[in-house]
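All of the numbers you see were taken from the coordinates with simple rules; none came from a lab. This is a predicted model, so every value here is computed, not measured. Every residue, glycine among them, receives a Cβ derived from its backbone with ideal geometry; neighbour counts consider all protein chains shown.
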Amino acid sequence: MKESFLPFALPDIGDEEIAEVVQSMRAGWLTTGPKTQALEESFVKFLGKGVESVAVNSGTAGLHLALEALGISPGDEVITTVYTFTATAEVVRHLGANPVFVDVVMGGFNMNPAAVEAAVTERTRAVIPVHFAGEACPMKEIFQVAKRHNLAVVEDAAHALPTRYNGSIIGALPSEAVVFSFYATKPIATGEGGMLVTRNDNLAHRCKVMRLHGIDRDVFNRYQTERPAWYYEVIAPGFKYNMPDIAAAIGLVQLRRMSALHGRRLEIAQGYDEAFINLPVTLPPRPDNHEDHAWHLYVLRLRDNAPVERDTFIEEMNCRGIGTSVHFIPLHLHPYWRDRYGFKPEDFPIALDCYRRAVSLPIYSKMTDGDVERVIKAVREILA
Ligand SMILES: *Cc1c(COP(=O)(O)O)cnc(C)c1O
């Protein structure tokens, strides 16, 4: 019997998510409403003390709002890693500012704090670390550089739910803002969606105003005047970045199930690590405590002594009915970024080398033990 194709990624949606969505639809709340508010409250409970959360319709929207609220403007520079998805950098351009890319650390996938320091200029306003695959960036060093040069830190935590850094959950570190993505394939999924968290009241307020057309509903509270229900004031040309309740309904259940979903990804990562230890591959970097990694992605890097190159490996996996992917094509290789800033491939040598060797294997909670065995068998066959 021919086995069916094993996709690279699948969301884990069950009857509970479906029931919660149906309930929203029966209640007639399609857009932002009680479920979105409940999801924000649940997120605060999960992260604990002093955090405010702002639900948005994508991680990209959250990053854009955070930078806008920080006042990033034309001519400013924002340092980020070249080894990320374009969303991290495009939002900097939306504000007329320039991303300044840095290379990753030797042997790893996350930004090199020394490279961040070297990239600081008089125009640098902020730094965006990306917790690649769900492995925490070296935040202590990044905070030190940020402090020395008075830079705001905005974490791109699209992969990092739940990730821990030195015992703290990502989302609770003292950054200006942390942004999670609930895109269909992310660790918890709402189809499209995201959550911005911050400890800064002014920043939270600005993001809430700007996520919905620049409408400020709090102006009246300030003057303690009775506000008629129909009245509002527009204080800026805001965006349309609010999360609909249909999405929040899925998110509420996914957040409740987060530990279980994460637990399954941990098991799969552990199984892969053990199975691939003697193959000509570099295993993904992992923190001392395996559980601190969100394992959104499991990225192997083929070594020089591997019998095939990365592209052939992917074709061979495909022939065996297994989907894979590549994370990421470094931004400096994409036409827009390359041409705008005149990059050459060798400008970021470590990222380039990573990219040429990298292949992401399926790692999602819906995979059965049989699926995991199939991936392991295929990888061993191709690389042995
Ligand atoms: C997915 C992703 C985003 C964007 O999230 P969306 O919710 O799809 O907008 C940002 N950064 C990284 C690193 C991502 O992988």
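Rounded, prolate or oblate: which one fits the stretch 119-232, using the alpha carbon gyration tensor with axes a ≥ b ≥ c (rounded when a/c is under 1.5, else prolate when a/b beats b/c, else oblate)? Since a/c reaches 1.5 but b/c is at least a/b, the shape of the stretch 119-232 is classed as oblate. Charge dipole of the stretch 1-61 (Cα centre as origin; +1 on each Lys and Arg Cβ, -1 on each Asp and Glu Cβ, all else neutral): 120 debye, rounded to the nearest 20. With respect to the chain, whose longest principal axis is taken over its alpha-carbon atoms, helix 310-319 is tilted by about 90°.
Counted by Cβ distance under 11 Å from residue 197, the other residues give a net charge of -3, where Lys and Arg count +1 and Asp and Glu count -1. A crude spin-label estimate for the pair residue 373 and residue 15, with each label 7 Å from Cα along the Cβ direction, gives 2.8 nm. Please label the shape of the stretch 248-384 as rounded, prolate or oblate, based on the square roots a ≥ b ≥ c of the eigenvalues of the alpha-carbon gyration tensor (a/c under 1.5 means rounded; beyond that, a/b larger than b/c means prolate, else oblate). Oblate. Let me know the whole percent of all Cα-Cα pairs from the chain that are separated by more than 28 Å. That fraction is 48 percent.
Shape of the stretch 53-184 from the C-alpha gyration tensor: rounded (a/c under 1.5, with a ≥ b ≥ c the square roots of its eigenvalues).
Projecting each Cα onto the charge dipole of the stretch 174-261 (Lys/Arg +1, Asp/Glu -1 at the beta carbon, about the Cα centre), which of 183, 258, 209 comes out farthest on the positive side? It is 258.
Fewest neighbouring Cβ atoms within 10 Å first, the residues 230, 29 line up as 230, 29.
Can you sort 190, 163, 185 by how many other beta carbons sit within 10 Å, fewest first?
185, 163, 190
Can you tell me what share of the DSSP beta bridges in the chain is antiparallel? A percent to the nearest 5 is fine. In the chain, DSSP labels about 60 percent of beta bridges as antiparallel.
Taking the Cα centre of the chain as origin and assigning +1 to Lys and Arg Cβ atoms and -1 to Asp and Glu Cβ atoms, the resulting dipole is close to 380 debye.
In this Cβ point-charge picture (+1 for Lys and Arg, -1 for Asp and Glu), the stretch 32-176 has a dipole of about 280 debye about its Cα centre.
Only DSSP H runs of four or more residues enter the estimate; each adds -39500 (n - 2.57), and after division by the residues of the chain the mean residue ellipticity at 222 nm equals -12000 deg cm²/dmol. Summary value for the chain: 22 percent relative contact order, contacts being C-alpha pairs under 8 angstrom separated by 6+ residues. Ordered by the count of other Cβ atoms within 10 Å of each Cβ, fewest first, 339, 216 give 339, 216. Charged neighbours of residue 40, selected by a Cβ distance under 14 Å, balance to +1 (K, R count +1; D, E count -1).
For the Cα atoms of the chain, what angle does the longest principal axis make with the long axis of helix 245-256, in degrees from 0 to 90, nearest 10? Between helix and principal axis, roughly 60 degrees.
Relative to the dominant Cα principal axis of the chain, helix 258-276 is inclined by about 20°. For the modelled label position 7 Å from the Cα of residue 288 along Cα-to-Cβ, which residues of the stretch 144-174 have backbone nitrogen atoms closer than 15 Å? Within reach of a label on residue 288, which here means backbone N under 15 Å from a point 7 Å along Cα→Cβ, the stretch 144-174 contributes 164-168.
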